[in-house]
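J.: Got a structure for you, questions after.
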Amino acid sequence: MIPIGDDNRDRRTKPVVTWALIAVNVFVFAFYQGFGANDRFTYAYATVPGEILSGKDIVTPDRTLVDRSTGRRYLVPGLQPTPVPVFLTLFISMFMHAGLAHILGNMLYLLIFGDNVEDRLGHFRYFLFYLFCGVIASLAQVYATLFTGRSLTVPSLGASGAISGVLGAYLLLFPRKRVRVLIAVFIVPVPAFVAVGIWFVFQLVNGLGYLGGGSSGGVAYAAHIGGFIAGFATVKIWGAGRGAPAAP
């Protein structure tokens, strides 16, 4: 079930911050990450649990991996020196992505669900809310990695945690708003609590499997869950005292 749009008839402001966030994500992926080819940049600025927990930069050597089926050798860069304080990677990494499918999926969700939350919170509060959810999500992934005994040198990156916070806010603010989803070859309108609720249940089930010792398949489920809960639990606080947006 893939969301492709929602009902925006009650939106009264242009989602300029959502558009700007999408533009920054695309810019970083294209020009700094080289569409995913610049591994050294990625391994310098991604969030590394061991760095966040210790406050110290961690550098690891490059590795050579051998494809058993073809015998070909591949050079995999190790963690690179981080030119900024390591805690800043909590912010920087939320504008980075692991590949084309990763960024396309994230930007689709941000485009569909971010505009309504921005409309409700206002541009500036929405921007701070987005960053807040992203940081909480990254920290959730860091501590999940620590508590499950997994390697503290496996980096994480992506806008998924921040966007999960937007989804949590959307679910609380607009539970019955109609969301158009693609199911097989059919486009079906469903309430937001169905579209977003199914997404969260999927994250929760897979996240609990990860915490129980299973494989995450490279997906930071703890970040998704942490960001979603942060957004759901705090969006009313972020919007406190704000009236309905003025008509343009």
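J.: Starting with the highest mean, order 101-113, 23-35 by the number of other Cβ atoms within 10 Å, averaged over the residues of each peptide.
T.: 101-113, 23-35
J.: Sum -39500 (n - 2.57) across every DSSP H segment of at least 4 residues in the chain, then divide by the residue count to get the 222 nm mean residue ellipticity, nearest 500.
T.: The helix contribution divided over the chain gives -16500 deg cm²/dmol.
J.: Right, another one. Pairs of alpha-carbon atoms within less than 8 angstrom and 6+ residues apart define the contacts here; what relative contact order does the chain have, in percent?
T.: Dividing the mean separation by the residue count of the chain yields 27 percent.
J.: Work out the charge dipole of the chain with +1 on the Cβ of Lys and Arg and -1 on the Cβ of Asp and Glu about the Cα centre, then indicate which of GLY149, VAL196, ILE58 is farthest towards its positive end.
T.: VAL196
J.: Want the number for LEU146 to LYS236: 0.36 nm per residue separation, take away the alpha-carbon distance, what's left? List each step's numbers first, then the result.
T.: Values: separation 90, 0.36 × 90 = 32.40 nm, distance 3.07 nm.
Full extension from LEU146 to LYS236 adds 29.3 nm.
J.: How high is the FRET efficiency between LEU131 and PHE186 when r is their beta carbon distance and R₀ equals 30 Å, given to the nearest 0.05?
T.: Here the calculated transfer efficiency is 0.25.
J.: Still on this structure, please answer the following. Which whole-Hz ³J(HN,Hα) couplings does the stretch 43-52 yield from phi under the Karplus relation 6.51 cos²θ - 1.76 cosθ + 1.60, θ = phi - 60°, glycine and proline marked x?
T.: 7, 8, 10, 5, 7, 10, x, x, 6, 5
J.: While we're here: Given H placed on each backbone N at 1.01 Å, which residues far from ASP6 in sequence or on other chains put an amide H within less than 5 Å of it?
T.: ARG180
J.: By count of other Cβ within 10 Å, fewest leading, how are SER156, SER164, SER54, SER93 ordered?
T.: Fewest-to-most Cβ neighbours within 10 Å comes out as SER54, SER93, SER156, SER164.
J.: Return the ratio Rg/(2.2 N^0.38 Å) for the stretch 81-122, where Rg is computed over Cα atoms only.
T.: Details: Rg = 13.9 Å, N = 42, 2.2 N^0.38 = 9.1 Å.
So the Cα radius of gyration is 1.53 times the expected 2.2 N^0.38 Å.
J.: With just the Cα atoms of the stretch 117-164, tell me how far they stretch along each of the three principal axes, in Å, largest first.
T.: The Cα atoms of the stretch 117-164 stretch 41, 16, 13 Å along the principal axes, largest first.
J.: Evaluated at 10 °C with a viscosity of 1.306 mPa s, what Stokes-Einstein diffusion coefficient in µm²/s does the chain have when Rh comes from the Kirkwood expression over alpha-carbon pairs?
T.: Calculated translational D: 84 µm²/s.
J.: Continuing with this model, one more query. Quick check on packing: order 148-155, 10-17 by the mean number of other C-beta atoms within 10 Å, highest mean leading. Mind dumping the intermediate values first?
T.: Working: 148-155: 13.9, 10-17: 15.8.
In descending order of packing, they fall as 10-17, 148-155.
J.: Give the whole-number value, in cubic angstrom per residue, of the convex hull volume spanned by the C-alpha atoms of the stretch 38-176.
T.: Residue-normalised Cα hull volume stands at 145 Å³.
J.: For GLY78, enumerate residues with amide H under 5 Å from its amide H, sequence gap 5+ or separate chain, H modeled in the peptide plane.
T.: Hits under the 5 Å cutoff: ASP62, ARG63.
Values in this text are rule-based calculations from the coordinates and carry no lab data. These numbers come from a predicted model, not from an experiment. Note: ideal-geometry Cβ built from the backbone for every residue, glycine included; neighbour counts use all protein chains shown.
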